[in-house]
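Reviewing the structure listed below.
The values are calculated or read from the model by the stated rules, or taken from the named source; none is laboratory data. None of the values given here were measured: they were computed from a predicted structure. Quick reminder, even Gly has a Cβ in these numbers, built from the backbone with ideal geometry, and neighbours come from all protein chains shown. Keep in mind that these areas ignore ligands, DNA and RNA; they rest on the heavy atoms of the full protein, side chains included. Shrake-Rupley method; radii C 1.70, N 1.55, O 1.52, S 1.80 Å.
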Amino acid sequence: MYARRMVFAAARCFGIKNATGQSAAARWRRALVTGGLALQAALLSACATRFDNEPQNQPITAEFIAQSAQARGIVGANTIGLSLSGGGLRAAAFSFGVLQALSAAGDPAVDLFGEVTFMSSVSGGSLTAAYMALHGQEGMQHFRARVLDADLERDLRLSLFSPANLVRLLAGGVNDRSNMAATLDADVFNGATFADLYRRNKPDVWINATDLYNRTPFPFIPPVFQALCSDLSRLRVSEAVAASMAVPLAFAPVVLKTFPGDCLKPLPANMDAMLADDGSVTAGILASSARAIRNYRDPQRMRYVKLADGGLTDNQGLASILIARAVSDTSYGPMREDDIVRLRRMLFLIVDAGRPPAGDWALQRDGPSGVDVGVAAADAAIDSATRLSAAAFRTMTTEWRNNMIRHRCGLTEAEVRRHLPAGQPWRCDDVTFFVGTVSAETLGPERAARLRDMPTRLSLPRADVDAAIDAGRDAARANPALRAYLADRAARP
């Protein structure tokens, strides 16, 4: 029964329908009654089914540790951070619209794209974040053709009536690297590795997946791979994006290997502090992350990390930022001292292309169906975690700014001038944060419903892509936080 419900949920996630519009879940109810013999035959051949899930990460190297420690200096006086939510191609298109708005900022004379310094991404948002990080502003010219208008589902196994697909689903996932990651690698990212991404220097990107065993966010960043004793620079970007988008059952988990025997550095000294419950809003996230990091070094507990869709633990990609902030060994981290001396204003936009509650079963006494109950329960858990992360993030930014100002005001003139050119104006308390959420819900009920009705898929009609891009662009331009950032920028150049 559980497996059957998960089949329905996976079908609903893909939004698969037949020519008459009948849902895949309804078709499965009929197929499960009439297809017993085919299923039995398929199960007998299950031993022949193999996933392409060979770990692609490599053991750590001294060169990777040295490169990770090098100063990057990408924070400027005006800095923009983005978190790009999940939601399939709908989210990728909506996020692209937000970047279009920043490229012109509603005024052709103002281009803010160069101020985008950091992006954290989940699922569909990772397509946009990774592509733009690899190509920079030039990517704006071909992202739509290469990603949004491409059919990223063309090589996927979508039929839930194939006995072989049902066996794959019951074994862990219908699709694997041979179709999803391979398509991304060949057609979208052209074999690029994280070393290629870091060579562009800016923006920095954190692609987020979910560690299924530890039930924690898993960001593809150097500190996490140092915990795995693995070299992130040699991993292909497509692997991270595929992991970030790996909806359970529709996709088999992306697998990484731990290399505890190849470690070149001990675990961070603050592991015990992370495990302590200090009553903060991030205490639970930190403790679970610390336990996960310790598990990565314990070959008796973990030898492989199984990764799935990042939205399972936080659909806005904020949890990993909270963790990075909390485990920093300075009061202003994860920024560096030269970063916070240069910084005057920072805009952080939470780009939310998620789908609010839908369906008509709340209008009637009967229902929801078993499928709807399962989907709604999963959505409730995801949305709850996301809301907690967003609330904690807003609280954290206030504390972060105050700590920055406290540190800045304690610096000597000589320390300030070590980071600022001679003669450049300086006021130690001149740091302003702007935080806002960009959502289609602010555009009115009709346009919000238009985005809400789009399925969470990897292929959409051109009209839907147009609508999602336009919604992202218009919602960003109307965002109060962006408007306040622009006004402050104009008033105090």
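Please enumerate the residues belonging to the stretch 261-270 that are part of a helix (DSSP H, G or I) and farther than 22 Å from Leu307 by Cβ. Walk me through it before giving the result.
First, the residues of the stretch 261-270 that are part of a helix (DSSP H, G or I): 261-262.
Passing the criteria: none in range.
Scan the stretch 287-311 for residues that are crowded, with 24+ Cβ neighbours inside 10 Å and either in a helix (DSSP H, G or I) or not hydrophobic (A, V, I, L, M, F, W, C) (or both) and the total you get is 5.
For the subset of the stretch 105-133 comprising residues that are open to solvent by less than 30 Å² (accessible area, probe 1.4 Å) and over 24 Å from Arg236 (Cα atoms), which member is modelled with the lowest pLDDT?
The qualifying residue modelled with the lowest pLDDT is Ala105.
Taking the listed residues Gly136, Gly81, the one that is assigned to a helix (DSSP H, G or I) and either open to solvent by less than 30 Å² (accessible area, probe 1.4 Å) or among the acidic types (Asp, Glu) (or both) is Gly136, with no other qualifying. One residue is enough: does the stretch 430-441 have a residue meeting the conditions in a strand (DSSP E or B), open to solvent by less than 60 Å² (accessible area, probe 1.4 Å) and more than 18 Å from Gln316 (Cα to Cα)? For the stretch 430-441, residues in a strand (DSSP E or B), open to solvent by less than 60 Å² (accessible area, probe 1.4 Å) and more than 18 Å from Gln316 (Cα to Cα): present. Taking the stretch 465-493 as the range and being touching a residue at least 60 places away in the same chain (Cβ under 8 Å), outside any helix (DSSP H, G or I) and either on the phi > 0 side of the Ramachandran plot or small (Gly, Ala, Ser) (or both) as the test, no residue passes.
Consider Leu152 carefully, then state whether it is part of a loop (DSSP other than H, G, I, E, B) and buried (at least 19 other Cβ atoms within 10 Å of the Cβ).
Numbers: part of a loop (DSSP other than H, G, I, E, B): yes; buried (at least 19 other Cβ atoms within 10 Å of the Cβ): yes.
Here the answer is yes, as Leu152 does meet what is asked.
From the list Ala392, Ala358, pick out the single residue that is within 19 Å of Asn208 (Cα to Cα) and either in a helix (DSSP H, G or I) or modelled with pLDDT under 90 (or both).
Working: Ala358 fails: within 19 Å of Asn208 (Cα to Cα).
Only one candidate qualifies: Ala392.
With respect to the conditions (1) at pLDDT below 90; (2) more than 16 Å from the chain's Cα centre (by Cα); (3) among the hydrophobic types (A, V, I, L, M, F, W, C), Phe225 falls short on a single one, namely (1).
Among the residues in the stretch 170-184, are any without any contact (Cβ under 8 Å) to a residue 12 or more places away in the chain and not charged (D, E, K, R)? Looking through the stretch 170-184, none of the residues is without any contact (Cβ under 8 Å) to a residue 12 or more places away in the chain and not charged (D, E, K, R).
Confirm whether Ala246 is surrounded by 22 or more Cβ atoms within 10 Å (Cβ to Cβ) and closer than 26 Å to Asn179 by Cβ.
Spelling it out, Ala246 is indeed surrounded by 22 or more Cβ atoms within 10 Å (Cβ to Cβ) and closer than 26 Å to Asn179 by Cβ.
Restricted to the stretch 213-243, and to residues there that are over 15 Å from Leu197 (Cβ atoms) and among the aromatic types (Phe, Trp, Tyr), the residue that is surrounded by the fewest Cβ atoms within 10 Å (Cβ to Cβ) is Tyr213.
Right, Asn201: out of contact with any strand residue (DSSP E or B) (no Cβ under 8 Å at 6 or more places or on another chain), surrounded by fewer than 23 Cβ atoms within 10 Å (Cβ to Cβ), in contact (Cβ under 8 Å) with a residue 24 or more places away in the chain and of a type in the set (S, T, N, Q) or not?
Details: out of contact with any strand residue (DSSP E or B) (no Cβ under 8 Å at 6 or more places or on another chain): yes; surrounded by fewer than 23 Cβ atoms within 10 Å (Cβ to Cβ): yes; in contact (Cβ under 8 Å) with a residue 24 or more places away in the chain: yes; of a type in the set (S, T, N, Q): yes.
For Asn201, the condition - out of contact with any strand residue (DSSP E or B) (no Cβ under 8 Å at 6 or more places or on another chain), surrounded by fewer than 23 Cβ atoms within 10 Å (Cβ to Cβ), in contact (Cβ under 8 Å) with a residue 24 or more places away in the chain and of a type in the set (S, T, N, Q) - is met.
Looking only at the stretch 55-78, decide whether some residue is under 22 Å from Gln141 (Cα atoms) and either crowded, with 16+ Cβ neighbours inside 10 Å or modelled with pLDDT under 95 (or both). Checked against the condition, which is being under 22 Å from Gln141 (Cα atoms) and either crowded, with 16+ Cβ neighbours inside 10 Å or modelled with pLDDT under 95 (or both), the stretch 55-78 yields no hits at all.
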